[in-house]
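Have a look at the structure below, then the notes.
The values are calculated or read from the model by the stated rules, or taken from the named source; none is laboratory data. Owing to the predicted nature of the structure, the values given are computational and were not obtained by experimental measurement. Here the Cβ is made from the backbone with ideal geometry for all residues, glycine too, and neighbour counts use every protein chain on show. Just so you know, the surface numbers come from the protein's heavy atoms only, side chains and all, with ligands and any DNA or RNA stripped out. Shrake-Rupley method; radii C 1.70, N 1.55, O 1.52, S 1.80 Å.
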Amino acid sequence: MRRIAIRSGSVLLEIIAGFLIILVVVLLVGSLFPTSYQGSLQAARMSGAVNLGRQVLERQKIAAPALAIGNQTVDSTLLVQGRSAQSTYFYRVDKDSPAGSDPILWKVTVQWEHSGKVKEIQLVGASSPR
């Protein structure tokens with residue numbers, strides 16, 4: 001009789017240990033989802049910034065050679081893991097070549113905020129030679 005009680009106690013401990021292992025694994029996997037969403041959100045914002053920078057640079061290349069397009073703020077809605085997210089971009093266009101050079105180099109700087117930090121990319125391109 002005593003052997004049965006000891007054996008049932010050890011089986012109960014094994015079941016509890018198994019449940020604890022499963023619980024730890026589920027909690028670890030569950031904690032990865034917010035991190036993955038933040039990474040996807042940052043990637044979507046960066047991709048949006050690069051696309052905006054390319055569009056602005058192409059517009060600047062065909063604009064009047066002596067005039068910069070200017071600084072603007074653009075709001076954008078992104079779709080990240082099935083959820084919509086708002087993002088605000090600020091861009092500025094600066095001449096990046098010395099006076100009198102041909103072709104003129106233009107630098108587009110796009111900034112956005114992610115997790116309380118300001119992120120930035122810069123694209124440089126040349127206008128058509130005169």
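Return the residues of segment 81-105 that are modelled with pLDDT of 90 or more and open to solvent by less than 50 Å² (accessible area, probe 1.4 Å); say none if nothing qualifies.
Hits for segment 81-105 are Ala85, Ser87, Tyr89, Tyr91, Val93.
Please name all residue pairs, on different chains or six or more residues apart, with Cβ atoms under 7 Å, provided the first residue is in segment 59-75 and is within 14 Å of Ala126 (Cα to Cα) and at pLDDT below 80 and the second residue is open to solvent by less than 90 Å² (accessible area, probe 1.4 Å) and not polar (S, T, N, Q).
Close Cβ pairs satisfying both conditions: Ala63/Ile69; Pro65/Ile104; Ala68/Val93; Ala68/Asp94.
Tell me the residue from Ala49, Ala63 that is surrounded by 14 or more Cβ atoms within 10 Å (Cβ to Cβ), on the phi < 0 side of the Ramachandran plot and over 24 Å from the mean Cα position of the chain (by Cα), please. It would help to see each step written out before you state the result.
Numbers: Ala49 fails: over 24 Å from the mean Cα position of the chain (by Cα).
Sole residue among the options that is surrounded by 14 or more Cβ atoms within 10 Å (Cβ to Cβ), on the phi < 0 side of the Ramachandran plot and over 24 Å from the mean Cα position of the chain (by Cα): Ala63.
May I ask you to list pairs of residues, at least six apart or on different chains, whose Cβ atoms are under 7 Å apart, with the first in segment 21-41 being more than 14 Å from His114 (Cβ to Cβ) and at pLDDT 90 or above and the second being loosely packed, with under 10 Cβ neighbours inside 10 Å and β-branched (Val, Ile, Thr)?
none
Please enumerate the residues belonging to segment 66-80 that are surrounded by fewer than 14 Cβ atoms within 10 Å (Cβ to Cβ) and of a type in the set (A, V, I, L, M). Show your work before the answer.
Here is the first cut: in segment 66-80, the ones surrounded by fewer than 14 Cβ atoms within 10 Å (Cβ to Cβ) are 66-67, 70-73, 75, 77, 79.
Once the filter is applied, which keeps residues that are surrounded by fewer than 14 Cβ atoms within 10 Å (Cβ to Cβ) and of a type in the set (A, V, I, L, M), segment 66-80 yields Ala66, Leu67, Leu79.
In segment 106-130, which residue that is modelled with pLDDT of 90 or more and among the aliphatic types (A, V, I, L, M) is farthest from Ser40 (Cα to Cα)?
Step by step, filter segment 106-130, then rank; the result is Val124.
Does Gln111 satisfy the criteria of being outside any loop (DSSP other than H, G, I, E, B) and either touching a Cys at 6+ places or on another chain (Cβ under 6 Å) or surrounded by 15 or more Cβ atoms within 10 Å (Cβ to Cβ) (or both)? Steps first, please.
Numbers: outside any loop (DSSP other than H, G, I, E, B): yes; either touching a Cys at 6+ places or on another chain (Cβ under 6 Å) or surrounded by 15 or more Cβ atoms within 10 Å (Cβ to Cβ) (or both): yes.
Criteria met by Gln111.
Residues of segment 114-130 being open to solvent by 60 Å² or more (accessible area, probe 1.4 Å) and at negative phi, which ones? Write out each step before concluding.
The first filter runs over segment 114-130 and keeps only residues open to solvent by 60 Å² or more (accessible area, probe 1.4 Å), leaving 115-120, 122, 124, 128-130.
Matches in segment 114-130: Lys117, Val118, Lys119, Glu120, Gln122, Val124, Ser128, Pro129, Arg130.
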